[in-house]
Structure formats: C-alpha cells, structure tokens
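Worksheet: the structure to be examined is printed underneath.
What follows draws every value from the coordinates through simple rules; no lab data is involved. Predicted model only: the values in this text are computed from it and were never measured. Counting neighbours? That spans all protein chains shown, and the Cβs are built from the backbone with ideal geometry, glycine included.
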Amino acid sequence: MTTGIGTAVIGYGYWGVNLTRNVGAASSTELIGVCDPDESRRELAISKHPGIKTWSTLDEVLNDESVKAVVLATPASTHFSLGMQVLEADRHLMVEKPLAETVEHAEMLNNEADARSLVLMVGHTFLYSAPVHHLKGWIDSGELGNVTYLYSQRLSLGRIRRDTNALWNFAPHDISIMNYLLGETPAQVTAKGFSFIQQGIDDVCFASLTYPSGIGANLHVSWIDPRKTRLMTVVGDEKMAIFNDVSADQPLWMVDSGVARSEGLGEYESLGDFQWRTRAGDILVPRIQMSEPLLSEIDAFGQAATHGTAVPTDGRHGLEVVKVLTAIQESAQQNGRPVDIEETQLKLDAPGTTSTGQIAA
Ligand SMILES: NC(=O)c1ccc[n+]([C@@H]2O[C@H](COP(=O)([O-])OP(=O)(O)OC[C@H]3O[C@@H](n4cnc5c(N)ncnc54)[C@H](O)[C@@H]3O)[C@@H](O)[C@H]2O)c1
C-alpha cells in the first residue's frame, strides 16, 4: 500500500482545522501531525485525529524526519518568516493566502523554493472549485462572447481581524479567480478603503482593476456587511454569468441577456432604443459535479510534492496576487490614485536596493 507524502499542518485555528481534515483525507498526503503553540488547539487536534503527533514550535516539526511537506495556516503576518524557515529546512510548502504581506517577501519565498527545487503553493482555494472551472470553460470557449467587465463581492458580518485588513483577508480570492478566468493580471488599479472599527485597519475596500486587454474589473470586500455575499458577475457581449458561492445547489448561472443593435429586433419606441436594445433571455443553471475544493487543493499539493506536477496556484501565481494587493493598498492610502502594478516591481528594482530590498553595499 502506498501512503502519501508526510505532511504537517502549522496553525490549528479556524482554517487549520479544515486543512488538517483534508491532509488526512487526501490520498497524496499523509497527516503526520499538527503544530500550534496553544495547548488547547493541540488537544483538539488529537481528539479529532487520534494518533497524530503534535508540536508547539516549528523548530520541533522541522527536526522530525517524517515531515516532508508543510501546510502553513498561521496568521498572514507570520507567512514569510515561518514559510522561509520551512523552505530553508528543505520541505515543500503550501502557504495559506496571502502568500506574504509584501512583494519583496513573496519574491524571496519564490526564489528560495526555486533554488531548492521545492514546491511552493498558495491556498487560493477557489482555483480548485468546480463552478469556477465551469465558468472558465464558458469564457475560454467564447460562450459569453467577449468579456467586457466583471465584478466580485465578498462580504460578511464578522471574523474581524486585528492583524490584517479586509482587503488582504478577502481579496486574495477575488484577484486570484479574476486572474485565472481572464488569463492575465491587472495593469493598473485604483481603490478606496474605509476603516470604522479599528484605526488604520480598513473594514471595507472598493477597488477597480484594469487588465492589459482593456477588461475592467471591480471588487468590493467588507467584514461589516448585513449579508454574507460571495458573488462574481462576468458580463460578456453575448451572455452573462453569475457565480454565487453561497448557493449550495445553484452556484452558477448563465444568463442569455445582452445589449444589441436594434436592427432586426423589432419596433423601437425612442431614439435611444433605435440604436440599442436590451435582450433578456433564458437562464441556464448547469448541473455541476460538486467536490470539496480544499480536498482537491491538498491533493494537488501532495501530487506536486511527490511527482512534480504543476499546480495553478503556485508561488508565481501567489506573487502576482500580492502585487495587485500591494497596488490596491497603495492606491487606497493615496485617496484613489491610479497605481500601475509595475510600480510595485519598480520599487524592488530601485537603484541602491538589492532584490531583497536591503541597501546595496
Ligand atoms: N483559503 C481560505 O478560504 C481561508 C479561510 C480562512 C482563513 N484562511 C487563512 O488561514 C490562515 C489562518 O487563518 P485562521 O482564520 O485559521 O486564523 P486563526 O487565528 O483562527 O488561527 C491561527 C492559528 O495559528 C496558530 N499560530 C500562531 N502562530 C503560530 C506559530 N508561530 N506556529 C504555529 N501556530 C501558530 C494560532 O495559535 C492559531 O491557532 C490565514 O492566513 C488566513 O488568511 C484561508
């Protein structure tokens, strides 16, 4: 009988519980144990997974030879330092989103993984979701026509964090999905952020992204909203699509609606109607074989670490998302100034600094 690659989960908080369950369930990974400095969390892990090891520090984990791969589910502020420690100990690494809090740190993690031929993967879970794959199929096959714009809302009431803002907490998902759907990364962003609860930590962010192809995208994230919303709308010049992740049985709709020239579409009533008429048609709700995205994600990590298979959420994908988050943050801090994504890169390459951001000797 073959077993999966020996894997440890670092951080057994809200999300670590889900990741650990799936590391135990995936055929390509074997759950060796869980690390958390909080004793009550370690006890909880043992109660759910009897027989696993527990550790209170990452050093102890990395001294365990049976651990070949690590899933990092600690707060975002620790991703870089703990992630670097994992890579330097020659272990494959999956980091929860965001990959890191700065472009420089995301670059350094990528470089370290490349230099050691290790897998670096980011927990952008939605790229393992069946409705997102289905939507990508519609876009790539031209079913929607040419995509004209898209927008995403990720809203809820609660799980207000102290260590990161709503943008960095939620928007990695939206940006990662949008980049994947369009097959490109934004060229420019402009954004506004608003903080109400904790000074200096935005609870709400509105951002507009412009892709090199000219497609416009908008995102709205908030953790002080009356309704839990996970909605992405993609408008094509022939059809439109809605991905509603809150709906368990009908997550994806294709709406056969659009705007067309009035020729051949019947009588017109006003001068405006003479030129353009809206067309409201049928809605298609495809039957989608649902699977747990997190299980597919962990399985992809195990496969990549064992066989070197490619993953859609590798370190480079994570880096691109961090660049966009950084640009949005910068624009929000400067009252909506348009920020080119290249600017985040230029800072790294600025004269007098090394690629690690240190002042050159
Ligand atoms: N992919 C998703 O959909 C998704 C959803 C929720 C959270 N997340 C991500 O998961 C990560 C954790 O979020 P959470 O909501 O579970 O947070 P959390 O605060 O509930 O849990 C974090 C855990 O990490 C532990 N921890 C802190 N420092 C540690 C260290 N040095 N070594 C080991 N353990 C340590 C804490 O004790 C805590 O148990 C974040 O990066 C977050 O962005 C991802």
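Quick one: length gained pulling Ser66 to Ser257 fully straight, 0.36 nm per residue minus the C-alpha distance?
Extra length available between Ser66 and Ser257 comes to 63.2 nm.
Temperature 10 °C, viscosity 1.306 mPa s: under these conditions the Stokes-Einstein estimate for the chain, based on its Kirkwood radius over C-alpha pairs, is 72 µm² per second. The alpha-carbon positions of the range 54-101 define a convex hull whose volume is 69 Å³ per residue. Principal axis analysis of the Cα atoms in the range 1-115 yields extents of 40, 33, 23 Å, listed in decreasing size.
Over every Cα atom in the range 33-173, the radius of gyration and the widest Cα-Cα span, Dmax, amount to 18.3, 54 Å. Using the Cβ-Cβ distance between Ala187 and Val246 with R0 set to 30 Å, the FRET efficiency from 1/(1 + (r/R0)^6) comes to roughly 0.45. Shape summary: the range 127-284 maps onto an equivalent ellipsoid whose semi-axes, from the alpha-carbon gyration tensor, are 32, 18, 16 Å in decreasing order. Computed from the Cβ-Cβ distance with R0 of 25 Å, the FRET efficiency linking Ile224 to Gln333 stands at 0.80.
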